[in-house]
1. Run ALA275 past the list (1) surrounded by 17 or more Cβ atoms within 10 Å (Cβ to Cβ); (2) hydrophobic (A, V, I, L, M, F, W, C); (3) over 22 Å from the mean Cα position of the chain (by Cα); (4) farther than 30 Å from PRO222 by Cα and report the number of the one that doesn't hold.
2. Within the range 218-244, how many residues are under 24 Å from the mean Cα position of the chain (by Cα) and either farther than 14 Å from PRO346 by Cα or surrounded by fewer than 19 Cβ atoms within 10 Å (Cβ to Cβ) (or both)?
3. Among the residues of the range 181-199, is any free of Cβ contacts under 8 Å to residues at least 60 places away in the same chain, closer than 26 Å to GLY378 by Cβ and small (Gly, Ala, Ser)?
4. Identify the residue in the range 25-46 that is more than 22 Å from ALA199 (Cα to Cα) and loosely packed, with under 13 Cβ neighbours inside 10 Å and, among all such residues, is modelled with the lowest pLDDT.
5. Could you say which residue among ALA136, ALA118, ALA154, ALA87 is more than 22 Å from LEU217 (Cβ to Cβ), aliphatic (A, V, I, L, M), out of contact with any Cys (no Cβ under 9 Å at 6 or more places or on another chain) and assigned to a loop (DSSP other than H, G, I, E, B)?
6. Pick from GLY147, GLY142: which is in a loop (DSSP other than H, G, I, E, B) and at pLDDT 95 or above?
Amino acid sequence: MSPAEVEAAARDAVTSVADELGALTQPLFESALAYDADGPLGGVPFVIKDSGPFARGVSFAFGSRAIRGVADQDHELMRRFRRAGLAAIGQTCAPELSLSFATESRLHGVTGNPWNLARGAGGSSGGAAALVAAGAVPVAHGSDGAGSIRIPAACCGVVGLKPSRARTTSGPELQRGETMGVDFALSRTIRDTAVLLDAVAAPNARLATPERPYEELVRIDPGRLRISVTVAPWSRGAVVPEIADTTRRTADMLAWIGHDVAEVSPAIDQGDVVAAELLAIHAAGRALLLAPRRPDTRQLEAVSRSIVAETAAMTDADVAGFADAQHRVTADVERVFATADLLVTPVTAELPLLHGTLDYNDPRWTARTWLERILEYGPFTAAFNVSGHPAISLPLGQSRSGLPIGVQLAAPLGREDLLLQVAAQLEQAMPWIERHPPIFAG
């Protein structure tokens, strides 16, 4: 080619790339401008996870090479985020179908942890947690079907609240209150979490509405509470000493604040937790099987392919067994709160994992064995998705190597007020706001 032809080809290539980027970024740009400046968080930059709630005109892939779509309308929670004043400036990575505690996919690669790039950010809301931890945005959307807000919050040293089932909605027709998944957000402070929950919580007859806004309640002493604590996972394996020690130090601080604290061993059957979560896993499989444009299963990662095959072979008896397990887990969790106002546990059994430790594309996994493996890493979170109870991860410790350690607080159904009030006490007594990762925008 002559120099003139090379220059012309290069110019055409640049124009093509620019057009493609424009087509991708224009909907996000328009979406970012569609917010209520008079909302309580007017103009605050925000990011949404690639798993819904969907924003009109913005593409989604659920972290998969096999799925491509563009939302034709804002979902209800997206509308609530906009009314709160949040400016959605981008979309965060998620593992395929959000079915991993590692935000690693064939589509996007690995999401690094800003505290140590060799370590994972947790999953499935790892992209959201990493951006909040790095100071890129103060708050980010996340979803939680087995711990997917709380696990990344613990890995990245931020606050992650999973509200009660049906406290928030994904709309317009889909109510995640009918499943185990809950949509909300990750932030750096209890106040920001409370303000956002006030703004987006959906009325629901099954849940008590607090007498005052959460933003006011976090400034009010909840009084002397009965708080149970455990560091013994209801699964095989054990919690590494640094995480167990942080949980016990948190319990000691709660006792010093004035609460009645006792160590317990909740009788929660992790086998039932796994079986109940299979109900949600196979709901994802059904969604793929029934999609108007069924994805090319050859492009799915290995665990997703197993889930689709197993879902197609499921019987009514299988579904009934999973539902029975959900009822048993719910009863087990309710018994915990018959004698306690709050339960304190670790979030994970190990520190943030090296990339590749949880390989979603390993064909050896079945749906059940994959669940069993990820719940060994995060053994304390999924039970509260199964039962619907609210739970929050707080960044209350740090390992000797400088990695964040999260502690979980769980409460009776509908008692986000108690969670946030006690979380605010711990934020004062064990502050984390001045701890920043090596990669930090501030």
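The values are calculated or read from the model by the stated rules, or taken from the named source; none is laboratory data. This is a predicted model, so every value here is computed, not measured. We place every Cβ from the backbone using ideal geometry, glycine too, and count neighbours over all the protein chains shown.
1. The one condition ALA275 does not meet is (3).
2. 8
3. Yes, that holds for at least one residue.
4. The residue in question is THR25.
5. Numbers: ALA118 fails: assigned to a loop (DSSP other than H, G, I, E, B); ALA154 fails: assigned to a loop (DSSP other than H, G, I, E, B); ALA87 fails: assigned to a loop (DSSP other than H, G, I, E, B).
From the options ALA136, ALA118, ALA154, ALA87, the qualifying one is ALA136.
6. On the way: GLY142 fails: in a loop (DSSP other than H, G, I, E, B).
Criteria check complete, one pass: GLY147.
So that you can scan it fast, the table gives a plain yes or no per residue for (1) more than 19 Å from the chain's Cα centre (by Cα); (2) of a type in the set (A, V, I, L, M); (3) buried (at least 18 other Cβ atoms within 10 Å of the Cβ); (4) assigned to a loop (DSSP other than H, G, I, E, B):
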position: LEU351; (1), (2), (3), (4): no, yes, yes, yes
position: GLY356; (1), (2), (3), (4): yes, no, no, yes
position: PRO363; (1), (2), (3), (4): yes, no, no, yes
position: TRP370; (1), (2), (3), (4): no, no, yes, no
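So that you can scan it fast, the table gives a plain yes or no per residue for (1) closer than 30 Å to PHE322 by Cα; (2) touching a helix residue (DSSP H, G or I) at 6+ places or on another chain (Cβ under 8 Å); (3) not basic (Lys, Arg):
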{"residue": "ILE220", "(1), (2), (3)": "no, yes, yes"}
{"residue": "SER228", "(1), (2), (3)": "yes, yes, yes"}
{"residue": "MET253", "(1), (2), (3)": "no, yes, yes"}
{"residue": "GLY258", "(1), (2), (3)": "no, no, yes"}
{"residue": "GLY285", "(1), (2), (3)": "yes, yes, yes"}
{"residue": "PRO292", "(1), (2), (3)": "yes, no, yes"}
